[in-house]
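Here's the structure we're looking at; comments come further down.
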Amino acid sequence: SQKIEQNSEALNIQEGKTATLTCNYTNYSPAYLQWYRQDPGRGPVFLLLIRENEKEKRKERLKVTFDTTLKQSLFHITASQPADSATYLCALDPYGGSQGNLIFGKGTKLSVKP
Amino acid sequence: DAGITQSPRHKVTETGTPVTLRCHQTENHRYMYWYRQDPGHGLRLIHYSYGVKDTDKGEVSDGYSVSRSKTEDFLLTLESATSSQTSVYFCAISGTSGGPGNEQFFGPGTRLTVL
């Protein structure tokens with residue numbers, strides 16, 4: 001069956017450290033993969049998109065990698081801060097972008113302790 | 001929230017009653033989506049629209065219908081609400097007048113409780 005998995009339900013790290021979140025998928029060949037942030041009681045907010053021909057993408061303290069051979073994306077937050085505490089969702093479009101439909105992982109709840 | 005509103009924000013209803021949730025956007029995006037979010041399941045697509053009067057089913061469409069008579073409005077109807085439809089419902093938009101675009105912009109959500 002097709003699925004997308006985020007390996008950790010929760011991740012606790014110390015302020016200043018690098019948080020690394022994992023997203024794995026099976027039986028898809030997505031043209032791109034996305035990461036979203038969701039705070040309690042709010043809708044997800046788009047963070048980054050990485051295409052299949054891109055190995056790495058950065059935005060400020062955020063970095064995403066995409067390995068289509070391993071069928072895996074890694075999401076890094078460097079120099080983490082308590083304000084980074086949230087649930088992070090990965091998502092992919094199984095139809096290659098033709099419809100915009102996204103399949104979401106269940107999310108990883110990140111807690112950054114001061 | 002990128003010019004997306006959802007109404008109502010909270011609703012409590014009884015089993016068997018019809019319920020309509022509204023999503024309104026001011027961004028003129030062509031694509032609109034309805035998701036539900038439940039613990040242990042994450043976000044799941046219910047229905048989506050790729051234009052006025054153009055809609056299609058998502059992963060969990062049973063018991064739901066949608067309508068889109070104007071670009072800015074996308075309605076989700078629970079024809080006869082059941083307790084299993086207790087959830088948080090999110091509307092999302094993407095794309096401009098062309099393709100679906102890539103990133104989606106989400107509304108604030110509607111928390112629905114069916115007793």
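The values are calculated or read from the model by the stated rules, or taken from the named source; none is laboratory data. Here the structure is a predicted model, which means the values were calculated and not measured. Quick reminder, even Gly has a Cβ in these numbers, built from the backbone with ideal geometry, and neighbours come from all protein chains shown. The protein model used for the area step is the full one, side chains on, heavy atoms only, and it has no ligands, DNA or RNA in it. Shrake-Rupley method; radii C 1.70, N 1.55, O 1.52, S 1.80 Å.
Things worth noting here:
- Nonpolar atom fraction for region B:24-115, defined as the carbon and sulfur part of the 1.4 Å probe accessible area, stands at 47 percent.
- Of all beta bridges that DSSP places with both ends in the protein assembly as shown, some 90 percent have antiparallel geometry.
- A DSSP coil position with no more than 11 other Cβ atoms inside 10 Å describes the following trypsin sites (Lys or Arg not before Pro) in region B:43-115: B:Lys53.
- Relative contact order (%) - criterion: Cα under 8 Å, at least six apart; region: chain A: 35
- Region B:15-54 and region A:16-67: distance between their alpha carbon centers, rounded to Å: 23
- Contact order for region B:1-61, expressed relative to its length and based on alpha carbon pairs under 8 Å spaced 6+ residues apart, stands at 23 percent.
- Region A:1-61 - percent of accessible surface contributed by carbon and sulfur, probe 1.4 Å: 41
- Total accessible surface hidden between A and B, rounded to 100 Å², 1.4 Å probe: 1600
- Shown here for region A:26-114: trypsin sites (Lys or Arg not before Pro) in loop regions (DSSP other than H, G, I, E, B) with at most 12 other Cβ atoms within 10 Å, namely A:Lys55.
- Per residue, the accessible area of the protein assembly as shown comes to 47 Å², computed with a 1.4 Å probe over protein heavy atoms only.
- Counts of other chain beta carbons within 10 angstrom of each beta carbon in peptide B:105-115 average 2.
- By definition, a body whose alpha carbon gyration tensor gives a ≥ b ≥ c is prolate when a/c is 1.5 or more and a/b is larger than b/c, and region A:3-113 fits this prolate description.
- In chain B, Cα pairs under 8 Å separated by at least six residues give a relative contact order of 36 percent.
- Its Kirkwood hydrodynamic radius, worked out from the mean inverse distance over all distinct Cα pairs, puts chain B at 13.9 Å.
- Mean per-residue shielding of peptide A:63-70 is 0, counting Cβ atoms of other chains within 10 Å of each Cβ.
- The Kirkwood hydrodynamic radius of the protein assembly as shown, based on inverse pair distances between different Cα atoms, is 18.1 Å.
- Close Lys pairs in chain A (alpha-carbon distance under 13 Å; sequence gap of 8 or more, or different chains): 5.
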